[in-house]
Amino acid sequence: MKKFEVLEHKADLKIRAFGKTKEELFLNAMIGMFEGARYEPESKIKGGERKISIKSPDLSSLLVDFLSEVLYLSEVNQEVYYQIQFKKFIDKNIEGILLGKKLKRMGVIIKGVTYHDLNIRQRKDKTWEAIVLFDI
């Protein structure tokens with residue numbers, strides 16, 4: 001199963017992420033956000049481990065809030081995150097540790113994660129899919 005795909009959009013970055021579980025879906029959406037915007041990590045310089053804790057009213061908001069927090073931490077710490085170790089994951093609450101590398105350069109700057117065209121669904125084969133639009 002592929003992790004994500006970049007979808008065509010005139011002005012912004014739009015991705016479709018996939019996962020066997022919701023945890024994998026969120027991880028692949030994060031990876032898709034960074035790779036779709038061409039954030040390039042330093043290959044040899046390890047970044048930090050960052051704690052993350054998100055509470056939201058529903059699963060869709062949780063995804064937007066998660067990606068927004070990851071984006072914020074990326075900008076503040078100049079890091080690109082490539083993995084998350086979830087300590088807790090329910091439809092309204094995430095706790096985990098982000099693993100990252102130092103940021104070398106950005107292809108495009110992501111201004112924010114939007115709710116426009118946001119869609120999360122479980123497919124017939126029980127895998128998960130999400131469409132997310134990023135303002136660039």
key: Rounded accessible area of K46 (nearest 10 Å², 1.4 Å probe)   = 150
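What's the FRET efficiency of K88 with K10 using the Cβ-Cβ distance as r and R₀ = 35 Å, to the nearest 0.05?
The value I calculate is 0.35.
Tell me the carbon and sulfur percent of the accessible area for the range 67-136, rounded to whole percent, probe radius 1.4 Å. Intermediate results must be reported in sequence, preceding the final value.
Details: 1830 of 3780 Å².
Looking at the range 67-136 in its full context, I get 48 percent from C and S.
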Percentage relative contact order, the range 38-106, counting C-alpha pairs under 8 Å, at least six apart = 50
ask   = What is the dipole size for the range 1-133, taken about its Cα centre, with +1 at each Lys and Arg Cβ and -1 at each Asp and Glu Cβ, in debye to the nearest 20?
value = 300
query = Taking amide H positions as placed 1.01 Å from N in the peptide plane, with prolines and chain starts having none, which residues 5 or more places from L118, or on another chain, fall under 5 Å of its amide H?
reply = none
inquiry  = If I model a spin label as a point 7 Å beyond the Cα along the Cα-Cβ vector, how far apart are those points for K46 and M106 in nm?
reply    = 2.6
task = Give me the distance between the Cα centres of the range 25-76 and the range 103-119, rounded to whole Å.
result = 10
message = Straight-line reach from K2: which lysines fall under 19 Å, measuring Cα to Cα and dropping same-chain residues less than 8 apart?
response = K14, K20, K22, K124, K126
task = Could you grab the relative contact order for the chain? Cα pairs under 8 Å, six or more apart, rounded to a whole percent.
result = 31
ask   = Measuring with a 1.4 Å probe in the full set of protein chains, what accessible area per residue, in whole Å², belongs to the chain?
value = 54
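Net charge around T114, counting only other residues with Cβ within less than 10 Å of its Cβ (Lys, Arg = +1; Asp, Glu = -1)?
Residues near T114 contribute -1 overall.
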message = Which one, N93, G19, V64, projects farthest toward the positive side of the charge dipole computed for the chain from Cβ point charges (K/R +1, D/E -1)?
response = G19
ask   = Points 7 angstrom from Cα along the Cβ direction at K20 and L99: gap in nanometres?
value = 1.8
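The values are calculated or read from the model by the stated rules, or taken from the named source; none is laboratory data. Since the structure is predicted, the reported quantities are computational estimates derived from the model, not experimental observations. Positions of Cβ are backbone-derived with ideal geometry, glycine not excepted, and every protein chain shown enters the neighbour counts. The accessibility values were calculated without ligands, DNA or RNA, using every heavy atom of the protein model including side chains. Shrake-Rupley method; radii C 1.70, N 1.55, O 1.52, S 1.80 Å.
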